[in-house]
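Q: Pasting a structure here, questions to come.
The values are calculated or read from the model by the stated rules, or taken from the named source; none is laboratory data. If you're wondering where the values come from, they're calculated on a predicted model, not measured in any experiment. Note that we place each Cβ from the backbone using ideal geometry, even for glycine, and neighbour counts take in every protein chain shown. The area values use the complete protein model at the heavy-atom level, side chains included, leaving out ligands, DNA and RNA. Shrake-Rupley method; radii C 1.70, N 1.55, O 1.52, S 1.80 Å.
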Amino acid sequence: MSADSAAAHKTALAIDALRRGWPVAIKGADGTLALLPIETSDPERLGAFDPTGSATLLLSAGRAATLKLTNQRDAAAPDAPVLIERAPWIDFAMATALSDPQFDLTMPMKGPFRALCLTEHEAGESALRLARLGGVLPAFFVLSGVSAALELTPGDIDAHEDATRLTIATRAHLPVSGAEDAEIVAFRTPEMPGEHIALLIGTPDGQPPLVRLHSECLTGDVLGSLKCDCGPQLDAAIHAVKASGWGIILYLRQEGRGIGLINKLRAYALQDQGFDTVDANTRLGFAVDSRNFAVAARMLELLGQRSVRLLTNNPEKVAQLEAAGISVAERVPHFLPANPHNARYLATKRDRTGHQF
C-alpha cells in the first residue's frame, strides 16, 4: 500500500469511528487533540473518554456566532474553530444542545459560555473537516495533548480528499430518457463510500463538450422535492446536452453542497423555522458551500476533456474547474422557472451566493 493510500485509508477508518461515536485523535503541527463526536456519542462513552469531566468543547465559528460568542476575543476569528470552557453544568445533554441547532428554540437560554484560546489550531481545523466528511455535526468533546487508539494527521485527510486518486471503475451503454445514446462511466477511490458518475451523451465532434456538474440530491432527483430545482435541472441538462450534439453530465456525490444528506435535512428543518439556505448551513456549523469541484476536473481529465462549455449559473464552478486545469471556453446559463416552494431558495442563490441567472 502506498503512503497516500495508507493515509487515505486511515482517514476512512476515522470517518467510520466518528459515525460510530468512537474517539479519534488528530496530530497537527501545533499539538494533538483527542476528539469524541458529540452527535454520535452518549454519556457512557463520554465518561470513558473523560472520567474527570475536564474535556472542553470544540465548535465551528458559525455555530459560535449563533451562540453569540464572537464578542469574545478567543471566538472572534472568522471561520476558526472555537474552544468552549467546560463549565460544571455542561453535561452531555447540554453539549448536545450546544452542537445541534434543532434545540435552539426549545433551549433558548443556553449559557453563558467562555471561549478559550485554542493552541492546537491545525488539529481543530482538521477536526471540522473530518466531521464534514463523516456527515456528522462539527462538534466534539476534546482533550488537549491526549492520543487515541486511532490517530491521524491533517495530511491523512488531505490524501483522502485528493481528487487525483480517482480512477475509472467501469463503463457501459445506458439509454436514458432524453438521451438513448448515452454511456455511463463510474469513478471511485478505494476509500470512497460512493461513486461519482459521468453520463456521456452523443458523439464527440472536435468541439468542447457541453458539461453539467450536478451534485447529488436524493430529495430532488429521486423524490421530486419542490424545495429545490435539482430534479428539473438534471432533466433539463440531459436534454440540453443532447440538443447540443454531445456533452457530459457529471453526477457528483456531494449531497447538500457537501455536508451530506442528514445535515441537509437538518438544514431543511431550520428553513422551516424561517432561515434561508445560507444561514441554515452556517447555524449547523458548516460553510455555505463545502463542495470540491476538483473531483469534477479529475473526471474530465480521465475522460480526455480539458476544455468544456459549462452549463451553470454558479461562477464558483467555473473558477474551481479552471484552477484545476480545465479550460471553460463558455459559461452557458441554465435557467428554470421557480415554483412557490423554491422561489426563496433561488433568490438566496442569486442574492447571497453569486449565482447568475
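Q: When each pair of different Cα atoms in the range 157-285 is counted once in the 1/r mean, what is the Kirkwood radius in angstroms, to one decimal?
A: It is 16.3 Å.
Q: Need one word for the range 186-246: rounded, prolate or oblate. Basis is the Cα gyration tensor (sqrt eigenvalues a ≥ b ≥ c); a/c below 1.5 gives rounded, then a/b vs b/c decides.
A: Note, shape of the range 186-246 comes out oblate.
Q: Express in nm, to one decimal, how much length is gained between residue 102 and residue 119 on full extension, taking 0.36 nm for each residue of separation and deducting their alpha carbon distance.
A: Contour length minus the Cα-Cα distance gives 3.1 nm.
Q: Over the chain, give the accessible area per residue in Å² for a 1.4 Å probe, as an integer.
A: 44 Å²
Q: Among the lysines in the chain, how many pairs, 8 or more places apart or on different chains, have alpha carbons under 20 Å apart?
A: Lysine pairs, 8 or more places apart or on different chains, close enough: 6.
Q: Treating only the Cβ of Lys, Arg, Asp and Glu as charged (+1, +1, -1, -1), what charge dipole size does the range 1-139 show about its Cα centre? Round to the nearest 20 debye.
A: Roughly 120 debye for the range 1-139.
Q: Give me the distance between the Cα centres of the range 150-228 and the range 284-334, rounded to whole Å.
A: Rounded to whole Å, the Cα centres lie 13 Å apart.
Q: Still on this structure, I have one more. Given C-alpha coordinates of the chain, what is the ratio Rg to Rh with the Kirkwood estimate of Rh?
A: 1.00
Q: For the range 31-107 and the range 240-268, write down the distance between their C-alpha centroids in whole Å.
A: 32 Å
Q: Then there's this: Find which of 97, 126, 152 sits farthest along the positive direction of the dipole of the range 69-183, computed with +1 on the beta-carbon of Lys and Arg, -1 on that of Asp and Glu, about the Cα centre.
A: Highest projection toward the positive end goes to 97.
Q: Any chance you could run the full-extension gain for residue 218 through residue 3? It's 0.36 nm times the residue separation minus the Cα-Cα distance, nm to one decimal.
A: Gain on stretching residue 218 to residue 3: 73.9 nm.
Q: R0 = 30 Å: FRET efficiency of residue 151 with residue 94, Cβ-based, nearest 0.05?
A: The formula returns an efficiency of 0.60 here.
Q: OK, next. Taking the inverse of the average 1/r across all pairs of different Cα atoms in the range 161-218, what Kirkwood radius in Å do you get?
A: 13.1 Å
Q: Express in nm, to one decimal, how much length is gained between residue 347 and residue 243 on full extension, taking 0.36 nm for each residue of separation and deducting their alpha carbon distance.
A: 34.6 nm
Q: Here's another thing I want to ask about it. In debye to the nearest 20, how big a dipole does the chain give about its Cα centre with +1 on each Lys and Arg Cβ and -1 on each Asp and Glu Cβ?
A: 540 debye
Q: Also, quick follow-up: Report the calculated FRET efficiency for residue 336 and residue 167 (r = Cβ-Cβ distance, R0 = 25 Å), to the nearest 0.05.
A: E between residue 336 and residue 167, to the nearest 0.05, is 0.15.
Q: Once Lys and Arg get +1 and Asp and Glu get -1 on their Cβ, which of 142, 285, 178 lies farthest toward the positive end of the dipole of the chain?
A: 178
Q: For the range 1-148, take the convex hull of the Cα atoms, compute a quarter of its surface area, and give me that in nm², please.
A: 8.7 nm²
Q: How large a share of the accessible area of the chain, in percent, is made up of carbon and sulfur atoms when the probe is 1.4 Å and the other protein chains stay in place?
A: Percent of accessible area from carbon and sulfur atoms in the chain: 55.
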